[in-house]
Amino acid sequence: MEINSRPVVVKRMPERVNGRTAREFLRDVQPFLSADRPQLVFDLSQVAQLDAAGVEMLLRCMSEAHKRDGDLKLAAPSPQACVVLELTRTERLFEIYETSTDAARSFSGFLPNAMRQQLLHRRPHAPAA
Amino acid sequence: MRLKADALVALHKDAAALNALRECIRVRVMDIRGMILIDSASAAIESGFALMPCFIPGLIEVAGKSALQRTAERFNHFGVSQVTAVIEGQSSDSWLKPLSGVSQTLASPDRFWRASETAFNDLVQAGAELVILVRLGAYAEIDFESMVQSHLDGHCRVSQAARSGQPMDIFCISASRRNDAASLFRSHLTRCRSDCPLFESAGYFNPLAEPLDLRQFAIDILTLQTQTAPAGIQVRPGVWTAPRAQIEKGARVLAPAFVGSFARVRSGAVVTRCSSIEHHAQVDCGTVVENSTVLPYCSLGAALELAHSVAGFSRVWNLRRGCVVEINDKKLLRHVSETSGNKLLVSAAELVAYLPRQFWRGIFGQPASPQPDLNAALRQTSPTLGSASGYRAPACDSEAANEFPSNLVVARTHGNQ
């Protein structure tokens with residue numbers, strides 16, 4: 001059986017996310033959001049400043065992804081981003097992972113066991129230590 | 001009878017001896033004066049405070065009063081009524097508030113120590129015999145009476161308070177020892193030319209060196225760990241409000257908490273867990289303030305959650321994460337103008353900007369998209385299935401769709417669940 005696993009798109013967010021940069025970022029990710037069942041990870045490790053427009057953009061992206069039966073996850077948020085997400089009470093709406101790899105890997109976590117096993121078998125083996 | 005006369009003579013002699021003794025032990029009132037130094041050098045050590053312009057911990061109000069005010073009150077408590085404060089700053093600084101019983105002198109940074117020495121000499125000229133010198137930063141509750149007694153008993157020229165063997169910037173200086181005082185001021189309180197015995201104090205101490213200390217200070221005051229109390233009156237057990245604080249109907253202030261003068265807690269807001277809303281600060285509707293300090297003139301936006309933080313001057317110090325975040329978004333955090341004229345101008349400008357924007361939106365804005373009707377949506381065949389297939393959903397022709405309540409929604413926590 002061939003498993004057609006959908007790609008996980010990882011995007012790094014800019015250092016300053018204000019109204020203007022949020023619009024630009026949304027324009028960049030719009031093609032991915034428009035796809036069927038989009039799987040997106042936003043890397044927030046570089047974010048030093050995040051304002052209400054940035055948070056609104058994140059919520060909009062999540063809403064768009066959910067509309068198409070996909071999901072948006074956040075990865076490696078900087079302390080500054082964490083503070084703003086906590087301040088705006090939005091940190092509980094997102095799945096947040098420590099690294100982008102963890103976030104991307106989490107998408108396969110919802111696959112049925114049989115499919116997950118096949119995916120694991122297809123992965124190249126790690127070199128022996 | 002003779003025996004009685006002898007007794008009277010003896011009694012008379014005793015009274016004379018008693019008077020002589022009284023003359024010997026008559027307590028002379030000593031002229032002791034207080035001096036408080038506040039410079040930015042102690043404030044700029046820690047990175048958290050260094051990021052804040054014009055921020056000196058000794059002047060920032062915590063639970064309604066600054067460390068300067070609390071130290072001055074403590075001097076008064078111990079009978080030291082004349083207090084001089086030398087504060088580093090410019091004459092144009094508007095944040096300096098007059099304090100009763102405290103004469104304040106502003107000195108520029110380059111002349112701060114010179115001005116301090118001059119202020120000390122002025123106190124001596126005015127008749128002071130002993131000067132207690134306190135440098136803020138750190139707030140310490142010293143038993144000044146015991147310290148002075150220890151200083152006098154030890155015939156010291158200069159003595160210094162210490163906590164657990166660590167010297168603090170609190171000195172007792174004999175006014176006649178001007179050279180010792182001069183060397184102390186010229187070395188920025190780091191060196192004394194004569195022997196400087198330590199006076200060990202076990203009272204409350206807070207270094208006020210970083211935002212965490214500021215928060216801890218608020219907690220200690222509100223939980224009555226200190227001898228100093230929050231400003232204002234206790235309206236409920238553990239809840240203090242200063243005069244003209246506004247707590248709107250529907251707002252909840254849970255003990256222990258403090259709301260400062262002219263501060264405003266709007267409807268639906270919650271202030272809890274040793275939170276302190278300082279004067280002229282605002283907490284907008286629905287915002288939760290938990291274990292946090294909102295500094296003076298800071299306005300928190302609506303429906304936020306500020307926890308374990310110190311907010312003010314367009315910044316949030318998150319104490320759990322140990323980081324400072326600069327927030328320039330007025331929806332989240334803004335600095336309220338300190339003068340009423342500025343406030344009026346800002347309000348007028350906001351109104352002037354708001355009305356044309358609303359007109360523009362009303363005339364040229366896009367019409368709102370019609371709300372999709374659930375029943376109509378249920379009767380439609382999914383476009384992905386295609387009309388050519390002839391598929392019709394079971395609910396399409398029946399009235400079953402009407403059986404569903406119109407407010408039925410499906411909430412998903414995660415996309416793939």
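Key figures for this structure:
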{"quantity": "Projected label distance in nm at B:L99 and A:E56, using a 7 Å step from Cα toward the beta-carbon", "calculated": "4.4"}
{"quantity": "Whole-Hz couplings from phi, Karplus 6.51/-1.76/1.60, listed for segment A:67-82; x for Gly and Pro", "calculated": "4, 9, 6, x, 7, 10, 10, 9, 9, 6, x, 6, x, 5, 5, 4"}
{"quantity": "Euclidean distance between Cα centres, segment B:175-239 to segment B:320-339, Å", "calculated": "28"}
{"quantity": "Rough spin-label spacing in nm, given labels placed 7 Å along Cα→Cβ, for B:K249 and B:L351", "calculated": "2.5"}
{"quantity": "Residue pairs, from the table A:K67/B:K330; B:K249/B:K331; B:K97/B:K249; B:K97/B:K331; A:K73/B:K249, whose Cα atoms sit over 28 Å apart", "calculated": "A:K67/B:K330; B:K97/B:K249; B:K97/B:K331; A:K73/B:K249"}
{"quantity": "Whole-Hz ³J(HN,Hα) from phi, Karplus 6.51 cos²θ - 1.76 cosθ + 1.60, for segment B:213-227, glycine and proline x", "calculated": "5, 4, 5, 5, 4, 4, 4, 5, 5, 6, 9, 6, 7, 9, 7"}
{"quantity": "Which of B:L224, B:L319, B:L333 has the fewest Cβ neighbours within 10 Å, and the rest in rising order", "calculated": "B:L224, B:L319, B:L333"}
{"quantity": "Highest to lowest packing among B:79-87, B:291-299, A:21-29, scored as the average C-beta count within 10 Å", "calculated": "B:291-299, B:79-87, A:21-29"}
{"quantity": "Residue order, fewest to most surrounding Cβ atoms within 10 angstrom, among B:F144, A:F94, B:F217", "calculated": "A:F94, B:F144, B:F217"}
{"quantity": "Taking B:C156, B:C285 and counting other C-beta atoms within 10 Å, the order from fewest to most", "calculated": "B:C285, B:C156"}
{"quantity": "Euclidean distance of C-alpha centroids, segment A:47-96 and segment A:4-32, integer Å", "calculated": "12"}
{"quantity": "Estimated inter-spin distance, B:A126 and A:R6, nm [label 7 Å along Cα→Cβ]", "calculated": "7.7"}
{"quantity": "Amide proton proximity set for B:S275, modelled H, under 5 Å, gap of 5+", "calculated": "B:F258, B:N291, B:S292"}
{"quantity": "Relative contact order of segment A:6-59, pairs being alpha-carbon contacts under 8 Å that are 6 or more residues apart, as %", "calculated": "57"}
{"quantity": "Other protein chain Cβ atoms within 10 Å, averaged over every residue that makes up A:80-91", "calculated": "6"}
{"quantity": "Karplus (6.51, -1.76, 1.60) ³J(HN,Hα), θ = phi - 60°, over segment B:192-205, in Hz, Gly and Pro reported as x", "calculated": "10, 6, 10, 5, 10, x, 8, 10, 6, 10, 10, x, 4, 9"}
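FYI, it's all coordinate maths here, none of it is from the lab. Remember, predicted model here, so these are calculated numbers, not experimental data. As a convention, Cβ positions derive from the backbone with ideal geometry for all residues, glycine included, and neighbour counts pool all protein chains shown.
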